[in-house]
Amino acid sequence: MSPLVIGLMVAFATIALLATGVPVAFGLGLVAVTFLLIFEGPGSVDDLAETFFAGLNEFALVSIPMFIVMGAAVASSPAGRDLYETLDRWLNRVPGGLIISNLGACAVFAALSGSSPATCAAIGKMGVPEMRQRGIPDGLATGAIAAGGTLGILIPPSITMIVYGIATETSIGRLFLAGLLPGLMLTGLFMLWSFFTTWRSSGHLVSGFRVVSWTERFTILPRVLPFLMIVAGVLYVLYGGVATPSEAAGVGAMFCLLLVALIYRIYQPAKIWRIISDSMRESVMILMIIGASALFSFALSTLFVTQSVAESIAAMEVNRWVLMGMINLFLLVAGFFLPPVAVILMTAPILLPIITQAGFDPYWFAVVFTINMEIGLITPPVGLNLYVINGIAPDISLPTILKGALPFMMCMVVGIVILCIFPEIATWLPNLVFAATP
């Protein structure tokens with residue numbers, strides 16, 4: 001049987017199995033083992049345990065639990081509320097200021113937590129009820145938070161970027177820098193749309209129901225600035241060559257735990273244990289997916305699916321931008337059905353040689369890849385952020401939330417087009433900091 005036919009069978013089997021609700025790690029592992037047994041026989045599974053371990057035998061993976069602890073510590077505290085309140089006080093006279101405040105809080109909280117669902121939950125719990133109370137339509141209120149939460153996988157430090165770096169053996173520090181300016185650009189596009197739609201609909205000052213003094217604006221800053229300093233410090237030691245990602249993540253996690261204890265008095269053993277246990281649960285889930293994806297990649301390679309797909313794409317005599325458009329469409333569809341970590345681990349090692357051979361920058365491609373995954377987070381059937389927001393506001397239907405998120409999806413598409421026209425938005429900063437070294 002042709003390797004390409006086997007590849008199609010693997011793809012359909014994987015999607016069908018994951019659609020049943022089977023955890024991603026177990027689904028990938030089961031598909032890999034089943035196809036190896038069918039086409040290669042029992043002898044092909046002798047090295048599966050070693051392959052699974054090899055997928056986790058990477059020092060950079062230590063940074064993932066530490067960044068998760070860092071985010072969990074912030075998410076368990078009122079830091080999200082303070083971020084939201086700070087921006088609301090400073091932007092209360094801007095048309096659409098309340099929506100812009102929520103988007104800004106999402107961007108900052110995303111940088112602190114590195115998690116899209118955590119960002120949606122932390123900011124949405126305060127932002128959605130407040131926006132609805134002030135007359136903002138349900139779709140716009142929920143769609144803005146759902147879209148703002150996606151910034152968690154692009155703005156550094158991003159767990160998704162760490163996984164991409166490990167899967168493709170590219171520099172995590174350069175990936176973080178490559179995602180910084182595009183993340184800010186997307187935030188700006190979201191804010192521009194919010195400003196425009198508010199001005200077009202009524203032009204009233206959505207946040208202007210109360211007068212905020214300068215004293216009120218400055219008094220809340222000490223509760224927020226220390227967390228921003230941690231993010232800045234983590235990025236500085238990474239790019240300054242002071243520490244590895246694992247070391248920076250460990251120090252950042254420790255300082256976040258100290259800050260939530262000092263600022264918010266969260267130092268009871270039960271609360272600290274809840275932070276650690278939640279972080280452990282999420283870390284094990286991600287690491288299991290990484291290990292299972294190693295089995296999945298091993299199976300595809302053993303069955304010559306990976307090589308055949310790469311050769312078939314490389315043999316296509318099409319313009320490189322047509323090729324990139326096809327890859328974007330593929331990633332977009334994959335993001336509809338699979339979580340970002342799974343898509344990255346399954347496809348990035350196959351696609352990276354193809355796009356580099358076509359003359360595209362691998363770090364620029366990582367940003368485009370991630371934005372496609374962001375779109376997947378707010379589109380069904382997976383659409384994790386949609387379900388998080390629906391859990392916060394269960395009286396708002398999923399179609400309403402999806403309709404509100406659609407304009408922000410278009411902003412992401414515009415962002416991809418801008419990056420295609422001006423790739424320097426993603427490549428300039430890492431090339432500057434790393435002096436264009438490979």
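None of the figures in this text is laboratory data; all of them are computed from the coordinates on show. As the structure is a computational prediction, the values presented were derived from the model and not from experiment. Neighbour counts are summed over all protein chains in view; Cβ atoms, including those assigned to glycine, are modelled from backbone coordinates with ideal geometry.
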Open item on the list: Assuming 0.36 nm per residue, please report the length gained on full extension of the stretch F330 to Q357 beyond their Cα-Cα distance.
Closed with: 7.9 nm
Open item on the list: For percent of Cα pairs over 38 Å apart, pick the label among (i) 22; (ii) 28; (iii) 17 that corresponds to the value derived from the coordinates.
Closed with: (i)
Open item on the list: Quick check: the angle from helix 97-113's long axis to the longest principal axis of the chain, C-alpha only, nearest 10 degrees?
Closed with: 50
Task: Cα-based radius of gyration of region 107-202 once divided by 2.2 N^0.38 Å, which approximates compact folds - done: 1.21
TODO: Would you order V234, V211, V45 from fewest to most other beta-carbon atoms within 10 Å of each residue's own beta-carbon?
DONE: V211, V45, V234
Task: Cβ crowding within 10 Å averaged over residues, with 76-87, 189-200 ranked highest first - done: 76-87, 189-200
- [ ] With a point put 7 Å past each Cα toward its Cβ, work out how far W199 is from I276 in nm, to one decimal.
- [x] 5.2
- [ ] Can you figure out the FRET efficiency of Y387 with Y267, using R₀ = 25 Å and their beta-carbon distance, to the nearest 0.05?
- [x] 0.15
- [ ] May I ask you to order 19-25, 4-10, 364-370, 179-185 by the average number of other C-beta atoms within 10 Å around their residues, highest value first?
- [x] 364-370, 179-185, 4-10, 19-25
Open item on the list: Once you compute Rg and the Kirkwood Rh from C-alpha atoms, what is the Rg to Rh ratio for region 303-412?
Closed with: 1.06
- [ ] Just subtract the alpha-carbon distance of M285 and E424 from 0.36 nm times their residue separation and send over the number in nm, one decimal.
- [x] 46.6 nm
- [ ] Give the span of region 223-329's Cα atoms along each principal axis, as three whole-Å numbers ordered largest to smallest.
- [x] 61, 29, 27
Open item on the list: Explain nothing, just the number: dipole magnitude of the chain about its Cα centre with +1 on each Lys and Arg Cβ and -1 on each Asp and Glu Cβ, in debye rounded to the nearest 20.
Closed with: 1620
TODO: With a 10 Å radius around each residue's Cβ, average the other Cβ atoms per peptide and rank 56-63, 397-404, highest first.
DONE: 397-404, 56-63
TODO: Compute the separation of the alpha-carbon centres of region 25-55 and region 309-370 and state it in Å as a whole number.
DONE: 25
Open item on the list: What FRET efficiency comes out for Y236 versus V22 if R0 is 45 angstrom and r is the Cβ-Cβ distance? Round to the nearest 0.05.
Closed with: 0.60
Task: In nm, spacing of pseudo-spin labels at V62 and E317 (7 Å Cα→C-beta vector) - done: 5.2
Task: Table column - 3J(HN,Hα) (Hz), region 19-29, Karplus curve with 6.51, -1.76, 1.60, x for Gly and Pro - done: 5, 7, x, 5, x, 4, 4, 5, x, 5, x
